[in-house]
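Student: Quick one: this structure, given as structure tokens, is what I'll be asking you about.
The values are calculated or read from the model by the stated rules, or taken from the named source; none is laboratory data. Every value quoted in this text rests on a predicted model; they were computed, and no experiment measured them. Reconstructed Cβ throughout: ideal geometry from the backbone, glycine too, with neighbour counts over all protein chains shown. For accessibility, only protein heavy atoms count, side chains too; no ligands or nucleic acids. Shrake-Rupley method; radii C 1.70, N 1.55, O 1.52, S 1.80 Å.
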Amino acid sequence: MRLLVIEDDPALQRSLAATLREENYAVDTASDGEDGLYKARENTYDVILLDVMLPKLDGWGVLAALRDNATPQGAGAKPVSEAISKTPILMLTARDTVPDRIRGLDHGADDYLTKPFDIDELLARIRALIRRSAGQTSSLVVLSGGITLDTAARRVTNAGGVEIPLTAREYSLLEYLALHRGEVVSRTTLYEHLFDEDDDTFSNLLDVHVSNLRKKLDSDIIQTRRGHGYSVEK
């Protein structure tokens with residue numbers, strides 16, 4: 001899954017990005033509200049981590065622009081698409097007051113975490129937001145043939161309960177298709193969600209990962225829809 005971290009503290013931004021990449025997320029970063037809003041509008045993300053106290057445009061302004069289709073001064077005039085307006089937003093702030101939490105949640109934030117926070121809690125909240133946005137309430141996703149994904153542990157097992165070793169990118173690809181099972185997911189969408197701004201999206205990496213997944217799963221659960229993309233049936 002692809003995340004956007006909008007955080008002006010250089011040390012915290014680097015630490016968050018490194019940790020999230022270790023957890024196999026594709027990560028883009030922004031150091032001020034205007035840049036963060038621009039990236040949120042230009043790219044596709046599964047979760048946005050948004051600091052409140054930001055230069056140029058604070059987190060409240062970014063939140064308002066993404067949720068209410070407002071256009072703060074200096075932030076550009078590109079309208080927000082429906083998909084972007086529904087992207088889960090996790091607010092990060094050092095202000096541990098009830099009014100601030102209420103303000104964020106009432107204005108469209110999906111979750112709220114106060115600094116300093118425990119990284120394991122942050123990761124759990126990100127996983128929950130991704131599941132919720134896909135309409136998945138449980139951390140377990142069962143596919144045909146008894147293949148099971150545990151999105152909390154980020155592991156895949158076969159019908160006999162034996163773990164199937166996957167690379168980070170292979171797992172991310174399978175998880176995205178599994179959370180959107182029953183849908184045809186285009187190649188463009190997969191590139192947008194699995195690769196960050198520094199990756200080469202013009203390579204044949206996606207085809208290689210799909211081919212390797214099919215061999216490891218020993219299953220045809222990933223269907224190719226020629227000219228459209230891939231799908232996993234319900």
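Student: Any idea how many residues of the stretch 221-234 are at pLDDT 80 or above and among the charged types (D, E, K, R)?
Tutor: 2
Student: Let me ask another. Provide a single number: the residues in the stretch 199-209 that are surrounded by fewer than 16 Cβ atoms within 10 Å (Cβ to Cβ) and modelled with pLDDT of 80 or more.
Tutor: Within the stretch 199-209, residues that are surrounded by fewer than 16 Cβ atoms within 10 Å (Cβ to Cβ) and modelled with pLDDT of 80 or more number 2.
Student: Something else about it: For the stretch 23-46: of the residues being part of a helix (DSSP H, G or I), among the charged types (D, E, K, R) and modelled with pLDDT of 95 or more, which is surrounded by the most Cβ atoms within 10 Å (Cβ to Cβ)?
Tutor: Among those that are part of a helix (DSSP H, G or I), among the charged types (D, E, K, R) and modelled with pLDDT of 95 or more, it is Glu34.
Student: Within the set of pairs 6 or more residues apart or between chains, which connect a residue that is touching a residue at least 40 places away in the same chain (Cβ under 8 Å) inside the stretch 43-54 to a residue that is open to solvent by 20 Å² or more (accessible area, probe 1.4 Å) and part of a loop (DSSP other than H, G, I, E, B) with Cβ atoms less than 7 Å apart?
Tutor: Asp51/Asp8; Val52/Asp58; Val52/Arg95; Leu54/Asp8; Leu54/Asp32
Student: Restricted to the stretch 86-110, and to residues that are in contact with a helix residue (DSSP H, G or I) (Cβ under 6 Å, 6 or more places away or on another chain) and surrounded by fewer than 17 Cβ atoms within 10 Å (Cβ to Cβ), which residue is farthest from Arg21 (Cα to Cα)?
Tutor: His107
For every residue, the table says whether it meets (1) in contact with a strand residue (DSSP E or B) (Cβ under 8 Å, 6 or more places away or on another chain); (2) in a loop (DSSP other than H, G, I, E, B); (3) at pLDDT 80 or above.
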| residue | (1), (2), (3) |
| --- | --- |
| Leu57 | no, yes, yes |
| Ala70 | no, yes, no |
| Arg95 | yes, yes, no |
| Leu105 | yes, no, no |
| Arg125 | yes, no, yes |
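Student: With in a helix (DSSP H, G or I), on the phi < 0 side of the Ramachandran plot and not polar (S, T, N, Q) as the only criterion, which of Leu173, Leu149 stands out?
Tutor: Leu173
Student: Read through the list (1) among the small types (Gly, Ala, Ser); (2) in contact (Cβ under 8 Å) with a residue 24 or more places away in the chain; (3) over 18 Å from Thr87 (Cβ atoms), then give the number of the only condition that Ala30 fails.
Tutor: Exception for Ala30: condition (3).
Residue-wise test of (1) at positive phi; (2) of a type outside the set (Ser, Thr, Tyr); (3) open to solvent by 30 Å² or more (accessible area, probe 1.4 Å); (4) at pLDDT 90 or above.
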site	(1), (2), (3), (4)
Tyr112	no, no, no, no
Ile119	no, yes, yes, yes
Arg132	no, yes, yes, no
Ser138	no, no, yes, no
Val141	no, yes, no, no
Ser144	no, no, yes, no
Arg154	yes, yes, yes, no
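Student: Can you tell me which residue among Ala168, Ala124 is surrounded by fewer than 16 Cβ atoms within 10 Å (Cβ to Cβ) and within 14 Å of the chain's Cα centre (by Cα)?
Tutor: Ala124
Student: Within the stretch 210-234, track down each residue that is part of a loop (DSSP other than H, G, I, E, B) and open to solvent by less than 60 Å² (accessible area, probe 1.4 Å).
Tutor: Ser219, Ile221 - these are the residues of the stretch 210-234 that are part of a loop (DSSP other than H, G, I, E, B) and open to solvent by less than 60 Å² (accessible area, probe 1.4 Å).
Student: Take the conditions at pLDDT below 85, in a loop (DSSP other than H, G, I, E, B), within 21 Å of Asp28 (Cα to Cα) and open to solvent by less than 50 Å² (accessible area, probe 1.4 Å) and apply them to Asp196. Does it pass?
Tutor: yes
Student: Could you grab me the full set of residues in the stretch 150-166 that are more than 14 Å from Lys216 (Cα to Cα) and free of Cβ contacts under 8 Å to residues at least 40 places away in the same chain?
Tutor: Hits for the stretch 150-166 are Asp150, Thr151, Ala152, Ala153, Gly160, Gly161.
Student: Output the residues belonging to the stretch 141-154 that are hydrophobic (A, V, I, L, M, F, W, C) and within 19 Å of Leu213 (Cβ to Cβ).
Tutor: Val141, Val142, Leu143, Ile147, Leu149, Ala153
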